[in-house]
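Below is one structure, written out as structure tokens; the observations come after it.
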Amino acid sequence: MKKRILSGMRPTGRLHIGHLAGALDNWVKLQDEFNCFFMVADWHALMSEYENPKELKKNILDNVCDWLSCGLDPEKAVIFVQSHVSEHLDLAMIFSCITPLGWLERCPTYKEQIKELKGKDINNYAFLGYPVLQAADILLYKAEVVPVGKDQLPHLELTREIARRFNNIYKKELFPEPKALLTESAKLTGLDGRKMSKSYDNTINLSDSESEVEKKVMQMITDPKRIKLSDAGNPDVCNVFSYYNVFCPEREQEVKDRCINAKVGCTKCKKQLASCLSDKLAPIQKTRKRILQDKSYLDKILKAGSVKAKESASSTVKQTKELLHFYV
Ligand code: TRP
Ligand code: SF4
């Protein structure tokens, strides 16, 4: 029996190469080894986007299209939208009864997000419960493994605590305690060196054309001490080099050597990175175009995905409600 995996992404905008390096490339690899559930976390997106939700549907379809273009295979993995499986809310409600407020108030991601999303008012009831819904997402499928980046570890810890508390209170080992599978890839910083994020306008998107990619790479800051071509550079402090490291590791040694020995200027080095990135994006964009030709394709995939997800979700909710003496 393959172990079960669940992971998700919030549909808050177009996907960028940070999503590729931080999640998608990894998800694609996991498809064969695990029984995978990949979910569009639209309820989670609403918690921060509720004031202006008119892009929600577009973002959901756009993101799923990118997932498939990057190599997620609906024959291998269950791909679905969270809100299409209403059991997520059933279980979240049950978990919200057993989750002490203090656990949520103390959660470091809560405080960080409040700070980070300054332009948005997320001081709402739902947002405090973000990790409770995420626990429901995971435990609804009794997933044993959750591939996530480091930033999500506090949520995974809370998921384990909620599972433990539930099993304790109701004296039954209903929920396994899931383990995080850390995405190894170094966190890619944005063009300006800050965290790559749509809200900082420092991303390279999966949909960017060759000329857009080049224009963006040209703006990147390199080793600030390297001014003239004859100055030796230090790749370890250069953001351009960290992109080589993630997206064209086969050229890493060569780039390092010519930087340290002042053989090539930063403009040329950047041009080559841009072309390397565009080569990586070209097949993704080609597949994307093909998928979008059939307007009903994504609908069909997501419908089939939610049917499969619901099979497992409804069985878990049934077990949970029985244990809690619901009148069903
Ligand atoms: N909170 C996750 C993020 O922002 C998205 C998410 C929602 C998720 N539900 C999940 C991730 C369940 C893993 C498992 O990246
Ligand atoms: Fe960075 Fe390349 Fe310039 Fe070296 S040559 S500082 S790696 S851009």
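Provide the net charge surrounding residue 283, with neighbours chosen by a C-beta distance below 12 Å and charges set as Lys +1, Arg +1, Asp -1, Glu -1. Surrounding charge for residue 283 is +4. Relative intensity of segment 208-289 on a log10 scale, I(q)/I(0) at q = 0.12, 0.22 Å⁻¹, equals -0.34, -0.99, per a Debye sum over C-alpha point scatterers of equal strength in the absence of solvent.
Express the relative contact order of the chain as a whole percentage, based on alpha carbon pairs under 8 Å and six or more residues apart in sequence.
On the way: 454 pairs, mean separation 72.5, N = 328.
Answer for the chain is 22 percent.
In this calculation the C-beta distance from residue 262 to residue 290 is compared with R0 = 35 Å, giving a FRET efficiency of 0.20.
Pairs over the 21 Å Cα-Cα cut-off, from the set 225/270; 58/303; 2/150: 2/150. The order of 227, 169, 221 by accessible area, most exposed first and with a 1.4 Å probe, is 227, 221, 169. Amide H to amide H, with H built 1.01 Å from N, residue 189 comes under 5 Å of no residue 5 or more places away or on another chain. Size descriptors for segment 2-156, from the alpha-carbon set: Rg then Dmax equal 15.2, 43 Å. Largest accessible area first, the residues 62, 32, 73 order themselves as 32, 73, 62 under a 1.4 Å probe with ligands, DNA and RNA left out. When 105, 49, 184, 116 are compared by accessible surface with a 1.4 Å probe, the order from highest to lowest is 184, 105, 116, 49. Shown is the FRET efficiency for residue 279 and residue 237, computed with R0 = 25 Å from the Cβ-Cβ distance and rounded to the nearest 0.05: 0.45.
In this structure residue 308 has an accessible area near 90 Å², from a 1.4 Å probe over the protein heavy atoms.
When a/c reaches 1.5 or more, the comparison of a/b and b/c decides; with that in mind, is the chain rounded, prolate or oblate per its Cα gyration tensor?
Values: a/c = 2.19, a/b = 1.81, b/c = 1.21.
In terms of gyration-tensor shape, prolate.
Using just its DSSP H runs of length 4 or more, each adding -39500 (n - 2.57), the chain gives a mean residue ellipticity at 222 nm of -16500 deg cm²/dmol after division by all residues. Past the 26 Å Cα-Cα mark, which pairs from 57/120; 54/318; 187/280; 256/286; 198/271; 115/271? Distance filter (> 26 Å) returns 54/318; 256/286; 115/271.
The values are calculated or read from the model by the stated rules, or taken from the named source; none is laboratory data. Here the structure is a predicted model, which means the values were calculated and not measured. Please note: Cβ atoms are built from the backbone with ideal geometry, for glycine as well, and neighbour counts cover all protein chains shown. We work out accessible area using only protein heavy atoms, side chains counted, and drop any ligands, DNA or RNA first. Shrake-Rupley method; radii C 1.70, N 1.55, O 1.52, S 1.80 Å.
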